[in-house]
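Peer 1: First, the structure itself, so that you have it in front of you.
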Amino acid sequence: WRIVSLIRERVSEFRVLVPRSAFSAATLVALGADRIYMHPYGNLGPVDPQISVPQRRPDGGEDRLQFGSEDLAAFLTYAKQSVGLSDQAHLLKVFERFIESVGPVPIGIAARGAQHSIAMGEQLLGTRRRTGKRPNKEQARAIVETLNKKFFHHGYAVSREEARGIGLPVETDSSDLDSALDELWADLERDLLLREPFNPLAVVKKNPNAGVLFGPIPILN
């Protein structure tokens, strides 16, 4: 929201280019655009919040439990539809086990995160300035609920046809634009060294001012 608001303060029209992947928060930024240009290899993604919770191990160490805001509902759906539990007492036991594993506070955070994601998506869609392209309240809610709930994995790749299908303003395909996006991506790939593994120590070693860090340790008698 801060990124889109900052851009909206300075330009009359906001367009987003998607040469490759624009997952999660990048998809939310795209929701605030007047126009979205997607390469055939480009994709958006679901925006359901991902929660990371520290958990203590019996040995005193710490692990991190990661789950999506929709996982609780999916777990209960699985218990009812796939396992066949219908008795309320049994479902309560299943819910209690989930609470024991995750904790009540993280579940509350996940629930609030899901509500916040939907509200933010509606706000971002409401910033469109193109005449006739701003969705009404019902359309905006349908778009963001699809991106929050209808795709069953946070890493699902939403193609440009799917993005159009759920109501996003993805522009008509253009071979000239696709070629320009290819060139743009190749330029970013070179500048950001995307095909080279990132090794922080190797980067430091290349800095001429860092030689002293790797020299022999002075010995003080």
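The values are calculated or read from the model by the stated rules, or taken from the named source; none is laboratory data. This structure is a prediction, so every number in the text was calculated from the model and none was measured. Reconstructed Cβ throughout: ideal geometry from the backbone, glycine too, with neighbour counts over all protein chains shown. Ligands, DNA and RNA are excluded from the accessible area calculation, which covers all protein heavy atoms including side chains. Shrake-Rupley method; radii C 1.70, N 1.55, O 1.52, S 1.80 Å.
Peer 1: Taking segment 18-37 as the region of interest, how many residues are open to solvent by 10 Å² or more (accessible area, probe 1.4 Å) and closer than 17 Å to ARG128 by Cβ?
Peer 2: 4
Peer 1: Related question: Can you pull out every residue in segment 161-172 that is surrounded by fewer than 14 Cβ atoms within 10 Å (Cβ to Cβ) and part of a loop (DSSP other than H, G, I, E, B)?
Peer 2: Scanning segment 161-172 gives GLU171, THR172.
Peer 1: Against the conditions (1) acidic (Asp, Glu); (2) part of a strand (DSSP E or B); (3) within 30 Å of PHE14 (Cα to Cα), where does ASP63 fall short? Just the number, please.
Peer 2: Exception for ASP63: condition (3).
Peer 1: Just to verify a result, which residue in segment 100-124, among those that are polar (S, T, N, Q) and closer than 18 Å to ARG141 by Cβ, is least open to solvent (accessible area, probe 1.4 Å)?
Peer 2: So the residue we want is SER117.
Peer 1: Of all residues being under 25 Å from the mean Cα position of the chain (by Cα) and among the aromatic types (Phe, Trp, Tyr) in segment 47-99, which is most open to solvent (accessible area, probe 1.4 Å)? Just the residue, please.
Peer 2: Within segment 47-99, the match that is most open to solvent (accessible area, probe 1.4 Å) is TYR78.
Peer 1: May I ask you to say which residue of SER5, SER12 is among the polar types (S, T, N, Q), more than 15 Å from the chain's Cα centre (by Cα) and more than 16 Å from LYS133 (Cβ to Cβ)?
Peer 2: From the options SER5, SER12, the qualifying one is SER5.
Peer 1: Residues of segment 177-200 being farther than 19 Å from TYR41 by Cα and surrounded by fewer than 10 Cβ atoms within 10 Å (Cβ to Cβ), which ones?
Peer 2: ASP191, GLU196, PRO197, PHE198, ASN199, PRO200
Peer 1: Still on this structure, please answer the following. How many residues, within segment 137-157, are among the aliphatic types (A, V, I, L, M), touching a residue at least 60 places away in the same chain (Cβ under 8 Å) and either out of contact with any helix residue (DSSP H, G or I) (no Cβ under 9 Å at 6 or more places or on another chain) or surrounded by fewer than 15 Cβ atoms within 10 Å (Cβ to Cβ) (or both)?
Peer 2: Result for segment 137-157: 1.
Peer 1: Looking at GLY167, GLY126, GLY211, GLY121, which one is out of contact with any Gly (no Cβ under 8 Å at 6 or more places or on another chain) and over 30 Å from GLY68 (Cβ atoms)?
Peer 2: Going through GLY167, GLY126, GLY211, GLY121 in turn, just one is out of contact with any Gly (no Cβ under 8 Å at 6 or more places or on another chain) and over 30 Å from GLY68 (Cβ atoms): GLY211.
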